[in-house]
Amino acid sequence: MELYGSKSKSIPQKITITLIELALIGLSSWIMFGNGGQTFASLFGWTLPAQTPTRYGVILAFNIVILLRMGFMMFYLMKRTLPWSEAFTVPSAFAIYYVGFAILVLPNGAPLGPVDFFAIGLFALGCILNTMSELQRHIFKKDPANKGKLYTGGLFAYSMHINFFGDIVWVAAYALVAGHWLGAAIPVMLFCLFAFYNVPMLDDYLRDRYGDAFKDYEARTKKLIPFIY
């Protein structure tokens with residue numbers, strides 16, 4: 001777990017991620033608003049809506065918000081070293097959201113309804129949980145008086161990995177707006193990735209670094225989903 005203990009600005013890697021994300025959003029826009037839609041519709045045997053649905057615009061708006069959030073997180077909040085391997089694996093994961101949902105939404109020409117407006121609210125909630133928790137921890141860590149201390153306050157008082165839970169929530173919102181049954185598998189797979197890989201790995205690192213303070217924290221706090229798990 002040297003990754004979490006090493007710190008550097010990693011500017012070239014962060015710029016690379018941003019440029020790849022911009023390219024992916026351009027690809028998703030071509031799929032939803034350009035000739036790419038017909039290409040994928042022919043591939044999967046779908047019939048495209050006669051008019052461009054508003055939900056295509058919602059997916060694009062989601063993409064732009066996530067791009068901006070990622071930029072804020074990487075260039076302002078992230079202090080750990082970002083290895084070059086992540087400069088390519090991270091955009092690969094985001095391609096599922098940016099491009100995958102752009103494809104899955106193609107045959108859905110239904111007007112926005114209550115489920116979609118709920119999904120937009122869910123997306124906002126997920127973004128807030130992720131970004132606000134990271135910002136709260138950043139402010140705590142900036143205070144010299146808190147050097148070497150484990151942060152357990154703010155939103156992290158409700159879940160040890162509330163930032164990961166926020167990711168699951170906004171990805172679920174994508175799936176709801178896309179309205180394709182295959183999309184439901186994406187937030188489920190993300191939950192499994194966090195629950196069975198990222199969280200145990202990070203917990204091992206935090207347990208070694210903070211000792212009894214972390215053990216007390218994990219004894220009284222849900223691991224991923226507030227009030228549930």
Computed E for residue 80/residue 219 - FRET, C-beta separation, R0 22 angstrom, nearest 0.05:
0.25
Run the numbers on the chain and let me know its relative contact order in percent, using alpha-carbon pairs under 8 Å that are six or more apart.
24 percent
Simple spin-label model, 7 Å along Cα-to-Cβ: residue 189 to residue 42 in nm?
2.6 nm
Trypsin sites (Lys or Arg not before Pro) lying in DSSP loop within the range 123-229, provided at most 14 other Cβ fall within 10 Å
147, 149
In a Debye calculation with equal point scatterers on the alpha-carbon sites of the range 71-229 and no solvent, what is log10 I(q)/I(0) at q = 0.17 Å⁻¹?
-1.13
Helical contribution to [θ] at 222 nm, DSSP H n ≥ 4, -39,500 (n - 2.57), averaged over the chain, rounded to 500
-20500 deg cm²/dmol
Residue-span extension gain [residue 205 to residue 132] - 0.36 nm each, minus C-alpha spacing
24.0 nm
Theoretical FRET efficiency, 1/(1+(r/R0)^6), r = Cβ-Cβ of residue 22 and residue 196, R0 35 Å, to 0.05
0.65
Fewest-first ranking of 152, 52, using other Cβ atoms within 10 Å as the exposure measure:
52, 152
What does the range 1-154 give for Rg and for Dmax, in Å, if only its C-alpha atoms count?
18.8, 61
Going by C-beta contacts inside 10 Å, put 33, 123, 101, 214 in order with the fewest on the left.
33, 214, 123, 101
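Values in this text are rule-based calculations from the coordinates and carry no lab data. Fair warning: this is a prediction, and the values are worked out from it, not measured in the lab. When we count neighbours, we look across all protein chains shown, and the Cβ atoms used for this are built from the backbone with ideal geometry, even at glycine.
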